[in-house]
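Q: Can you keep this structure in mind? I'll have questions shortly.
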């Protein structure tokens, strides 16, 4: 398909065809014409068309015939109907059959230009949603880990490298970054994938019950132990045990976990017999365990046992390129769950999300999208459906904030430059010289930047 959007003009009046062809070519579009429905269908079958502008009343088939043909031969094309017969019935019929918009003769060229621009925006959004959905399907190899940004590639590579080993892995990252998803992906790609994956949040269970949860207990070991119970190590036999928030383990229990990792045996609470276990241990933390070791809150020997290989998950603010993909994933999830036909997110809402810092990372984004889907009554999530924490983020005091852990300046600058280039191309309808002019740089500089950032078409 050409870089410039292509319009098919269908009208039995030669003068109208020529007028529209000249007008749209001057606007930077490619134009093909047809004198009636039969020749229009041939064009639709043999050519890539973005927008169809068709007269309603023609000797050889009607505009509805062209509309029906476009739905079958070029379903992504947007159809605009023009007619001199301004009746409510014909307008309703065309819209019901799938026309994007309806213009009556005589019309103003500015009106037609605006309709075509809006039609192209809708087509671009449709194509982008299709691309995102296709990319989501390709993520099956890592279950629910969604992302294609440069910041996530080392994570995917490391998952593939360590999955087939028996090595203990420590997944680190801020809360809400998806550490359990990484652990599940490692398990799913390992030779233990047919065996259980068992997860426990070490900070969510009272200290006096945690030992029993991990190692089990025998009847009478403590008040309330009315029968023998297997622990999670036994439940995960042959598979994987995921210790989430492992930094929350009390020191006494750290000693017992270290013994399990060294001896490959467990002893139930109140028991006297050791039992061998074959379990791979993956763990995760949002704490800096090195600092916990220095502060004597975490055993150094256990730290090195758990942290044979470390997978460091970047926060969402460092993988902003993944945001549209994640948003679409959550829209698909919750629109299906709530039985609401929501297709995507508006440009204004997307920009608001792109500028938000997401202190709660992917988990926060999921909650935001769930709320937006619940509140939205149309096909697109608009900025009104976003919470005040997102929409007011820019207006608090206008100051930039650097988080305590700092930022990666070069990565942020590259992300911003990439978004500017994409926006310029969108505004210029794919015409690179026009996009370069919008950015105030030379065409050569524009192409160089596209190539440097690996953008398609560079």
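The numbers here are math on the coordinates, done by the rules we state, and not lab data. These numbers were taken from a predicted model, which means no experiment stands behind them. Positions of Cβ are generated from backbone atoms using ideal geometry, with glycine treated the same way; all protein chains shown enter the neighbour counts.
Q: How large is log10 I(q)/I(0) at q = 0.14 Å⁻¹ when the Debye formula is applied to the Cα atoms of region 144-314, each weighted equally and without solvent?
A: Normalising to I(0) and taking log10 leaves -0.73.
Q: Using alpha-carbon positions, what is the distance between the centroids of region 262-309 and region 26-79, in Å?
A: 67 Å
Q: Which angle from 0 to 90°, rounded to the nearest 10, does the C-alpha axis of helix 179-188 make with the longest principal axis of the chain?
A: 90 degrees
Q: Taking 0.36 nm per residue of sequence separation and subtracting the Cα-Cα distance, how much length would be gained by fully extending the chain between residue 122 and residue 409, in nm to one decimal?
A: 99.9 nm
Q: Suppose R0 equals 35 Å; then what is the FRET efficiency for residue 288 and residue 420 from their Cβ-Cβ distance, rounded to the nearest 0.05?
A: For R0 = 35 Å, the calculated efficiency reads 0.50.
Q: A follow-up question, please. I need to check one value: relative contact order of region 6-136, counting alpha carbon pairs closer than 8 Å and at least 6 residues apart, in percent.
A: With pairs under 8 Å counted, the relative contact order is 20 percent.
Q: Once R0 is set to 41 Å, what does the formula 1/(1 + (r/R0)^6) return for the Cβ-Cβ distance between residue 60 and residue 161, expressed as a FRET efficiency to the nearest 0.05? Write out the running numbers ahead of the final one.
A: Numbers: r = 64 Å, r/R0 = 1.55.
Computed FRET efficiency for residue 60 and residue 161: 0.05.
Q: Run the quick spin-label model on residue 363 and residue 175: label points 7 Å from Cα toward the beta carbon, then report their separation in nm to one decimal.
A: The answer from the label model is 0.6 nm.
Q: Given labels modelled 7 Å from the Cα in the Cβ direction, how far is it in nm from residue 235 to residue 296?
A: Using points 7 Å along Cα→Cβ, the separation is 3.5 nm.
Q: Just to be sure I understand the model, the point goes 7 Å from the Cα along the line to the Cβ. What's the resulting residue 348 to residue 384 distance in nm?
A: 0.9 nm
Q: Would you mind pulling out the separation of the Cα centroids of region 171-242 and region 99-126, in Å?
A: Spelled out, the Cα-based centre of one part sits 58 Å from the other.
Q: Could you work out how much longer the chain between residue 223 and residue 448 gets when fully extended? Use 0.36 nm per residue separation minus the Cα distance between them, nm to one decimal.
A: Answer, rounded to one decimal: 73.8 nm.
Q: On to the next question. Note the angle between two axes, namely the Cα long axis of helix 443-452 and the longest principal axis of the Cα atoms of the chain, as a number of degrees from 0 to 90, rounded to the nearest 10.
A: 30 degrees
Q: Once the piece of chain linking residue 72 and residue 25 is laid out straight, how much longer is it, given 0.36 nm per residue of separation minus the C-alpha distance between them?
A: Going from the current span to full extension adds 14.2 nm.
Q: I would also like to ask the following. Please compute the contact order of the chain in relative form: average sequence separation of alpha-carbon pairs under 8 Å and at least six residues apart, divided by the residue count, as a percent.
A: 12 percent
Q: Counting just the Cα atoms, what span does region 409-452 cover along each of its three principal axes? Round to the nearest Å and put the largest first.
A: Principal axes ranked by extent give 29, 19, 16 Å for the Cα atoms.
Q: Could you pull the Cα extents of region 6-136 along its three principal axes, largest to smallest, in whole Å?
A: 45, 33, 27
Q: If I histogram all Cα-Cα distances within the chain using bins 20 Å wide from 0, what percent of pairs lands in each bin?
A: Percent of pairs per bin, in order: 20, 41, 26, 12, 2.
Q: With r as the distance between the Cβ atoms of residue 209 and residue 455 and R0 = 30 Å, compute the FRET efficiency 1/(1 + (r/R0)^6) and round to 0.05.
A: It comes to 0.05.
Q: Measure nothing fancy, just the Cα-based angle from helix 14-26's long axis to the longest principal axis of the chain, in degrees from 0 to 90, nearest 10.
A: Roughly 50 degrees, rounded to the nearest 10.
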